[in-house]
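Take a look at the structure set out below.
Derivation of every value follows stated rules applied to the coordinates shown; laboratory data play no part. Keep in mind that this is a model prediction, so the values were computed, not measured. Positions of Cβ are backbone-derived with ideal geometry, glycine not excepted, and every protein chain shown enters the neighbour counts.
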Amino acid sequence: MAQLIDGKRISAEIKDEVKARVSAMKAEGKSVCLAVILVGEDPASKVYVGNKKKACEYTGIESLSYELPAETTEEELLGLIHKLNADDKVNGILVQFPLPIHIDAKKVINAISPLKDVDGFHPVNTGAMLNGDAGFLPCTPAGIIELLKRSDVDIEGKECVVIGRSNIVGKPMSVLLLRENGTVTITHSRTKDLKEVCKRADILVAAIGRPKFINSEYIKEGAVVIDVGIHRMENGKLCGDVDFDDVEPHVSAISPVPGGVGPMTIAMLMKNCADSAEM
Ligand code: GUN
């Protein structure tokens, strides 16, 4: 039986650590506050934002909620961000993506103060990450590193293969694995012989965005598999980018969907908020 990489348990651990830090700050008269901005009516985004607000409640972080109509202009959104940048009470600003197509996401990311960029998407923070300097790390890849470390998976010297090159997951994931001294390969839609490359992996991170795409033909016996995907199947159940039932008998450890990477993203967001307030 493969070890189950338990994101539910580990994310609860991290949220409890944050809760204790927030409580200690409160005892010194310091509060922690996250501003959450949602533009439009995307149902999945609403669920994610709701979960982020719940995690704030649990950890004692105050959340300010801005639910703006889909017609909100870029100028209005940038105006709100500037206001929140200037508000000393606000430690973190989170704009939920995707944004409506008439708003330039890059402009929005660049407008958030790097000191309040708890998503870790601002170029100052991505640059710091690349250079190995202090800064906010993007929550999903940072959460995956925590999952591996707290599941006693050694990264140093391992063949790590990341499938996907998005700015939110694939690219930063590869940088963080490199920082942990992994030997890293990034694959993407133009990669030749994806199966052969994946079969080299001691640690395989799947962020493809296609349900159950990775089956046992992509897996080296005994590998560790991290599944970043989340998809709703026709029967209403959730699945990942990995065909869990087919892959599990061949691996030493695997993260499930749900209960793997998903809850880690939110736990790391809470950690970034606490870090911001302590800075
Ligand atoms: N949309 C999908 N993932 C994320 C994330 O990590 N942060 C934000 N702000 N939006 C997202």
State the Cα centre-to-centre distance between the range 197-211 and the range 229-259 in whole Å. 13
Classified through the alpha carbon gyration tensor (a ≥ b ≥ c as square roots of its eigenvalues; rounded if a/c is under 1.5, else prolate when a/b is larger than b/c, else oblate), the range 46-138 comes out oblate
Order by protection proxy (mean Cβ within 10 Å, highest first), peptides 127-139, 16-28: 127-139, 16-28
How much of the DSSP bridge set in the chain is antiparallel, in percent, rounded to the nearest 5? 5
Scattering from the C-alpha atoms of the chain alone, worked out with Debye: what is log10 I(q)/I(0) at q = 0.11 1/Å? -0.64
Rounded to the nearest 20 debye, dipole of the chain from Cβ charges on Lys, Arg, Asp, Glu: 60
In the neighbourhood of LYS158 defined by beta carbon distances under 12 Å, the net charge of the other residues (Lys, Arg +1; Asp, Glu -1) is -3
In order through the range 264-279: 3J(HN,Hα) via Karplus (6.51 cos²θ - 1.76 cosθ + 1.60), integer Hz, x for Gly, Pro: 5, 4, 6, 4, 5, 4, 5, 4, 4, 5, 5, 4, 4, 5, 6, 5
Theoretical ellipticity at 222 nm over the chain - DSSP helices of four or more residues, -39500 (n - 2.57) apiece, nearest 500: -13000 deg cm²/dmol
Take peptides 104-110, 50-56, 67-73 and line them up by average Cβ neighbours within 10 Å, highest first, as a rough protection proxy. 50-56, 104-110, 67-73
Net charge of neighbours whose Cβ lies under 13 Å from the Cβ of SER31, counting Lys and Arg as +1 and Asp and Glu as -1: -1
Arranged from highest to lowest average of other beta-carbon atoms within 10 Å per residue, in what order do the peptides 238-249, 191-202 appear? 238-249, 191-202
Quick shape check on the range 132-209: root eigenvalues a ≥ b ≥ c of the Cα gyration tensor, a/c under 1.5 is rounded, otherwise prolate if a/b tops b/c, else oblate, and it reads oblate
